[in-house]
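Reading through the structure tokens given below for one structure.
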Amino acid sequence: MKKPLLAIAVLLSVNMVKAQLGANKGDAYQISNSNGTTTNNVMHKTWLYRNSAGSDWYSTSVHDGIAVDISFLEPGVTTRAWWERNPYTGAQKWGNSGQTWLTLSDAKLGVGTTAPTAPLQIMSLGGESRPGGINVASASALKLSRPGTPNYSYPESAEFRVAHGSPTIWGSQLDLYINGAANNTDVPDQQVMTWLYNGHVGIGRTDPGANLHIQNLVGSKPGGVNAPTIPVLRMGRAGTASYSYSEAAEFRIGHGGSNVWGSQLDLYINGGANQTETPDQQVMTWQYNGNVGIGTTTPIERLSVNGNIRSKEVKVEASNWPDYVFLPEYQLPTLTQIAEQIKLKGHLPDMPSAKEVEANGIALGEMNKLLLKKVEELTLHLIEKEKQLENQNKRLIQVEKGLRGVRNGQ
């Protein structure tokens, strides 16, 4: 008889709780209460809490809160340091008063959000995140701190923050801050990266004008050294420490001309005999006027190369191709005129002299046109000479016929 009586008692208790809980969202029924007193008071209460309107247990959670010297009567509103479990979904929440700090649901953890959509989602709890006249964001979406050693002269505290922190922009923006070299506090003062609402990312500036905009914070012109001391882009490869030639290597792009203050970018790599991580070989230069140099720091053309070029094919655009040589109105220079030109100047007409080529080089497109012109002129002279030879042969044949007739008449 004891078991049926116990089942009836439990059923009556459950139905009583269900009846007193209420069917409206936010309704609560206290199921436990404990407290203690010393010089102050502590309370620990547990409620059944209605998450959404309904009359079954699927819409309820167990709400557990604790506080010192604070009277709290409404779970999720005035509860202090509370923890909530949903027996149906398995979701858990932690918070304080009406604010939810942490949510764990479906293997997703949310900080500052009650509905995380990723394994870890962090969201600001609100408040002003735009600083008032200071560089670092006052409210951060992400903050990682390292406390320094208190007894050291330089405790070397450090902090990393991602937040909306530009003092002049109210729109959607994220900024990355870290501690500068001279900053030993836990408040970062160096803004190193910015993400804008339009997808632009800036490194070294807060107003990027491209998908990736990188800029030095200070000058990169070295003092009497070849490689830039502060490059815009730097990629290094550490060598093998135990080897005689460690073969460390580095690639840098920076403004490095020792005598150039204008806009210029230079590419450096390690020379063949350089085993350090500081490049000593300047291999490419971009100047403010758009000229590019390979093997030279003073390009005077769109592309100046100090060295050999090897290619399977080179195409040169050209105009005014010398087919005009074959037109009837073209004045073909005589061989006598050409001979006089060679005797006077030492080279063919229209062709550059040896001194000019040595000083200025040759333009492949123009030189090919000049050479083709000379070939076409030579072809016309050969055709003319061939006609002359044919005429001479005909005349010789006639002369030979006349001579044979004379001999036969004798």
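The values are calculated or read from the model by the stated rules, or taken from the named source; none is laboratory data. Computed from a predicted structure; not experimentally measured. Glycine also receives a Cβ, built like all others from the backbone with ideal geometry; neighbour counts cover every protein chain displayed.
For Thr117, state whether it is exposed (fewer than 11 other Cβ atoms within 10 Å of the Cβ), modelled with pLDDT under 75 and among the polar types (S, T, N, Q).
Working: exposed (fewer than 11 other Cβ atoms within 10 Å of the Cβ): yes; modelled with pLDDT under 75: no; among the polar types (S, T, N, Q): yes.
No.
All but one of (1) surrounded by 16 or more Cβ atoms within 10 Å (Cβ to Cβ); (2) touching a Lys or Arg at 6+ places or on another chain (Cβ under 9 Å); (3) modelled with pLDDT of 90 or more hold for Gly95; which doesn't?
Gly95 satisfies every listed condition except (2).
Among residues belonging to segment 24-35 that are assigned to a loop (DSSP other than H, G, I, E, B) and surrounded by 14 or more Cβ atoms within 10 Å (Cβ to Cβ), point out the one that is modelled with the lowest pLDDT.
Here the residue is Gly26.
Of all residues being assigned to a strand (DSSP E or B) and not acidic (Asp, Glu) in segment 248-265, which is modelled with the highest pLDDT? Just the residue, please. First the steps, then the outcome.
Step one: list which residues in segment 248-265 are assigned to a strand (DSSP E or B), which gives 249-254, 264-265.
From what is left, the residues that are not acidic (Asp, Glu) are 249, 251-254, 264-265.
Details: Ala249: 64, Phe251: 68, Arg252: 69, Ile253: 74, Gly254: 70, Gln264: 75, Leu265: 79.
Selected residue: Leu265.
Out of segment 73-88, which residues are buried (at least 17 other Cβ atoms within 10 Å of the Cβ) and in contact with a Ser or Thr (Cβ under 8 Å, 6 or more places away or on another chain)?
Thr79, Glu84, Asn86
Does at least one position in segment 175-198 carry a residue that is more than 17 Å from Ser145 (Cα to Cα), surrounded by fewer than 16 Cβ atoms within 10 Å (Cβ to Cβ), modelled with pLDDT of 75 or more and within 17 Å of the chain's Cα centre (by Cα)?
Yes, segment 175-198 contains at least one residue that is more than 17 Å from Ser145 (Cα to Cα), surrounded by fewer than 16 Cβ atoms within 10 Å (Cβ to Cβ), modelled with pLDDT of 75 or more and within 17 Å of the chain's Cα centre (by Cα).
In segment 269-285, which residues are among the hydrophobic types (A, V, I, L, M, F, W, C) and more than 19 Å from Ile309 (Cα to Cα)?
Correct list: Ile269, Ala273.
I'd like the full set of residues that are over 16 Å from Ser97 (Cα atoms) and within 49 Å of the chain's Cα centre (by Cα), limited to segment 43-59.
Correct list: Ser52, Ser59.
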